[in-house]
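Read through the structure below, which is laid out as structure tokens, and then see the notes.
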Amino acid sequence: MSHLPPKDPHGYEPPQKDDHPRGAPQPPLNNPNTQRISIVIGVLALFLFFFLFINRPSTPSSQISLNALADAVRSGQVVSIVERGGQELFITYSGGGTATAYKSENTDLLSVLGLNGIADANFEYTQQAGDNSQALLFQLLIGIVPILIIVWFLWRMMRSVRGSQDQAMSFGRSRARVSRDMERPQITFADVAGADEAKEELREIVEFLKEPEKFIRLGARVPKGVLMVGPPGTGKTLMARAVAGEAGVPFFSISGSEFVEMFVGVGASRVRDLFERAKSEAPAIIFVDEIDAVGRQRGAGLGGGHDEREQTLNQILVEMDGFENDTNVIVIAATNRPDILDPALLRPGRFDRKVVMDNPDIKGREDILRVHTRGKPLASDVDIVALAKITAGFSGADLENLVNEAAILAARRNKKLITMSEMQESMERVVMGPERRSRVITPEEKRKIAYHEAGHAILFHVLEHTNPVHKITIVSRGRAGGYVMPLPSGDAMLKSREEFLDDIVAAMGGRAAEELVFQQFTTGASNDIQQATRLARMMVTQFGMSEKLGPRAYGSSSGPIFLGRDMGEMRDYSEHYAQAIDDEVRSILQEAYQRARSILSEYRDKMEQLVQVLLERETLDTQEFNEIMAS
């Protein structure tokens, strides 16, 4: 339930493709697929072993002579005799026992047993042809299968050990992704918009990589490192790839966090490997993204340094210092925290040049939007210039996301063209979140929201040093019940005391309208009060805009880093001045609130008229709002 807050830029850089770069550790040999195959082979071997064991020919429990067999037959103890192959006899006794006996192939068993023929036998006599192949196969497998299983397990163990050794050997190799030849970045400076000054700074680097002899002949020392500084999403990585694309050289890209491991010495080893690879393919570019992960100031913080990170940083310093003039390798690093980098990284001879990539101005935003809308079907009502005006504070990544969200909205609505409506709603989605029309709001709450937003809108319209209203709505979006969107006329580099005061008055409009109409306060003004308090405190403590306290900055941000925001703020003033600061901030807020209440009392009729229209239409644009205020 507040006017639209300033855009808080957030970081996005497209992931980079990694197609098994050279030097990256290969997948381990004992991967899940190999393990599954090994388990299946082992189970099949055991199944075959047990199957043959269970289905082998039955072996009698004892062996007897032919005389003992004859005695057993005469005493009636034998139930059956099975003769196999003319030599092997399998005897079954009446008590259930078994035995085996052997005779020569030409011996007549019946005569040995004292029988004249089979009719005289008191047992069952069967003759079977000799087939010992199953028994022989079983005996063969019994001897071979265990040996094969043992050999297989030993082979698996050796592969596992060898895989561990390979991983250990590759642990210290650089994990940088390299693009060369056809894989080289096809991005050029033409694909990077909104950073003309940064391009000019980097053109010298491209020229050196293309024609190093021209510089070396004159004795010029070309910068060994370029540090790109800027908020997240401003295109630092994209610019580095554009340099590689323009120069046509191999491009090694790696993140600072990929150097650091839990084992001491691994990061330094990876740094050495990366620089050796780059030198072997010189001229080349090494791009280190988020270098603050490994390049933080040494010895900072309460816990001292980190041995592994500091050794990695030391190795980077050594490698960059050891570059010869004819190495033709340039290091480009990116960070959004230059204040925490070690001073040794920033001295001449290492990162000689700093390229600032800030959020784009209105011309830069226009160029970036034209790049991202290239090839997309746009309707005739899409105004790129107007979009550039209302997206003040957006980074390049934010603008890319805006266009993408608009395309998604158009597809969801089954449109063939992207219209200005989708662009406008996409911008609001990026800043405030999606619409919440399904949110249940009582008529009384809706009326309070309408008065709250009308109070903001009237003050934006009346005050001299505020931006005109671009849109006012009471439709819930994100966590806000409604909002007012001012339209900046341009990108201001400087801001006056009068502009700060008017912004604070406009922020108080919602609370003043609630008190004026309902004689009560609601929680809807909480965000407005926070913004107003922050601006008032900045005026007093940072910008010296207080007549009572004078042109002095109160509070130093030069305290120990890595201790958090609050602990890092060093208080450099006494309790007397602390009380004076609080009194001055309170005075500014009170005067702004009284001024807001006075203006809204004067424009009470317009506020009532605006509220009625808002309750009917819910959303008003610039033209509709101005018509109401002019009537």
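Any residue in the stretch 484-503 that is modelled with pLDDT of 85 or more, touching a Gly at 6+ places or on another chain (Cβ under 9 Å), crowded, with 20+ Cβ neighbours inside 10 Å and of a type in the set (D, E, K, R)?
The answer is no, given that none of the residues of the stretch 484-503 is modelled with pLDDT of 85 or more, touching a Gly at 6+ places or on another chain (Cβ under 9 Å), crowded, with 20+ Cβ neighbours inside 10 Å and of a type in the set (D, E, K, R).
Can you tell me which residue is modelled with the lowest pLDDT among those in the stretch 49-72 that are surrounded by 15 or more Cβ atoms within 10 Å (Cβ to Cβ) and within 19 Å of GLN128 (Cβ to Cβ)? Steps first, please.
From the stretch 49-72, those surrounded by 15 or more Cβ atoms within 10 Å (Cβ to Cβ) are 49, 52, 56, 60, 64, 66, 69-70, 72; that's our starting set.
Of the ones still in play, those that are also within 19 Å of GLN128 (Cβ to Cβ) are 56, 60, 66, 69.
On the way: ARG56: 48, PRO60: 45, LEU66: 80, LEU69: 80.
It comes out as PRO60.
Kindly indicate whether any position in the stretch 219-234 is in a helix (DSSP H, G or I), modelled with pLDDT of 80 or more and out of contact with any Leu (no Cβ under 8 Å at 6 or more places or on another chain).
First pass over the stretch 219-234, keeping only residues in a helix (DSSP H, G or I): none.
No, there is no match, as no residue in the stretch 219-234 is in a helix (DSSP H, G or I), modelled with pLDDT of 80 or more and out of contact with any Leu (no Cβ under 8 Å at 6 or more places or on another chain).
State yes or no: is GLY130 assigned to a loop (DSSP other than H, G, I, E, B), at pLDDT below 75, open to solvent by less than 90 Å² (accessible area, probe 1.4 Å) and over 30 Å from PHE275 (Cβ atoms)?
Numbers: assigned to a loop (DSSP other than H, G, I, E, B): yes; at pLDDT below 75: yes; open to solvent by less than 90 Å² (accessible area, probe 1.4 Å): yes; over 30 Å from PHE275 (Cβ atoms): yes.
Considered against the rule, which asks whether it is assigned to a loop (DSSP other than H, G, I, E, B), at pLDDT below 75, open to solvent by less than 90 Å² (accessible area, probe 1.4 Å) and over 30 Å from PHE275 (Cβ atoms), GLY130 comes out as yes.
Quick check, is ALA457 on the phi < 0 side of the Ramachandran plot and either loosely packed, with under 15 Cβ neighbours inside 10 Å or within 35 Å of the chain's Cα centre (by Cα) (or both)? Walk me through how you get there before you give the answer.
Details: on the phi < 0 side of the Ramachandran plot: yes; either loosely packed, with under 15 Cβ neighbours inside 10 Å or within 35 Å of the chain's Cα centre (by Cα) (or both): no.
Considered against the rule, which asks whether it is on the phi < 0 side of the Ramachandran plot and either loosely packed, with under 15 Cβ neighbours inside 10 Å or within 35 Å of the chain's Cα centre (by Cα) (or both), ALA457 comes out as no.
Can you name the residue in the stretch 593-617 that is within 15 Å of MET629 (Cβ to Cβ) and without any contact (Cβ under 8 Å) to a residue 60 or more places away in the chain and, of all such residues, is surrounded by the fewest Cβ atoms within 10 Å (Cβ to Cβ)? Working first, answer last.
Step one: of the stretch 593-617, the residues within 15 Å of MET629 (Cβ to Cβ) are 599-600, 602-614.
If we keep only those that are without any contact (Cβ under 8 Å) to a residue 60 or more places away in the chain as well, we get 602, 605, 608-609, 612-613.
Values: GLU602: 12, ASP605: 8, GLU608: 12, GLN609: 15, GLN612: 13, VAL613: 17.
Looking at residues that are within 15 Å of MET629 (Cβ to Cβ) and without any contact (Cβ under 8 Å) to a residue 60 or more places away in the chain, I get ASP605.
Sort out which residues of the stretch 184-218 are in a helix (DSSP H, G or I), touching a residue at least 60 places away in the same chain (Cβ under 8 Å), touching a helix residue (DSSP H, G or I) at 6+ places or on another chain (Cβ under 8 Å) and among the aliphatic types (A, V, I, L, M), and write them in order of number.
Result: ALA198, LEU202, ILE205, LEU209.
Might you let me know whether the stretch 433-440 holds any residue that is open to solvent by 60 Å² or more (accessible area, probe 1.4 Å), touching a helix residue (DSSP H, G or I) at 6+ places or on another chain (Cβ under 9 Å) and without any contact (Cβ under 8 Å) to a residue 12 or more places away in the chain?
no
Could you check the stretch 205-222 and list, in sequence order, the residues that are under 30 Å from GLY396 (Cα atoms) and loosely packed, with under 15 Cβ neighbours inside 10 Å?
Keep residues of the stretch 205-222 that are under 30 Å from GLY396 (Cα atoms), which gives 205-210, 222.
Hit for the stretch 205-222 is LYS210, nothing else.
So, GLU428, is that one touching a residue at least 12 places away in the same chain (Cβ under 8 Å), open to solvent by less than 10 Å² (accessible area, probe 1.4 Å) and either over 17 Å from PHE625 (Cα atoms) or of a type outside the set (Phe, Trp, Tyr) (or both) or not? I'd like the intermediate steps shown before the answer.
Numbers: touching a residue at least 12 places away in the same chain (Cβ under 8 Å): yes; open to solvent by less than 10 Å² (accessible area, probe 1.4 Å): yes; either over 17 Å from PHE625 (Cα atoms) or of a type outside the set (Phe, Trp, Tyr) (or both): yes.
Yes; evaluated as a whole, the condition is true for this residue.
List pairs: first residue in the stretch 481-505 and closer than 21 Å to TYR451 by Cα and without any contact (Cβ under 8 Å) to a residue 60 or more places away in the chain, second residue small (Gly, Ala, Ser) and open to solvent by 30 Å² or more (accessible area, probe 1.4 Å) anywhere in the structure, Cβ distance under 9 angstrom, at least six positions apart or on different chains.
Listed pairs, sorted by first residue: none to list.
Can you tell me which residue within the stretch 526-540, out of those that are without any contact (Cβ under 8 Å) to a residue 60 or more places away in the chain and in contact with a helix residue (DSSP H, G or I) (Cβ under 6 Å, 6 or more places away or on another chain), is farthest from VAL505 (Cα to Cα)?
VAL540
The values are calculated or read from the model by the stated rules, or taken from the named source; none is laboratory data. Computed from a predicted model, the values in this text were never measured in an experiment. Glycine gets a Cβ as well: all are built from the backbone with ideal geometry, and neighbour counts include every protein chain shown. The accessibility values were calculated without ligands, DNA or RNA, using every heavy atom of the protein model including side chains. Shrake-Rupley method; radii C 1.70, N 1.55, O 1.52, S 1.80 Å.
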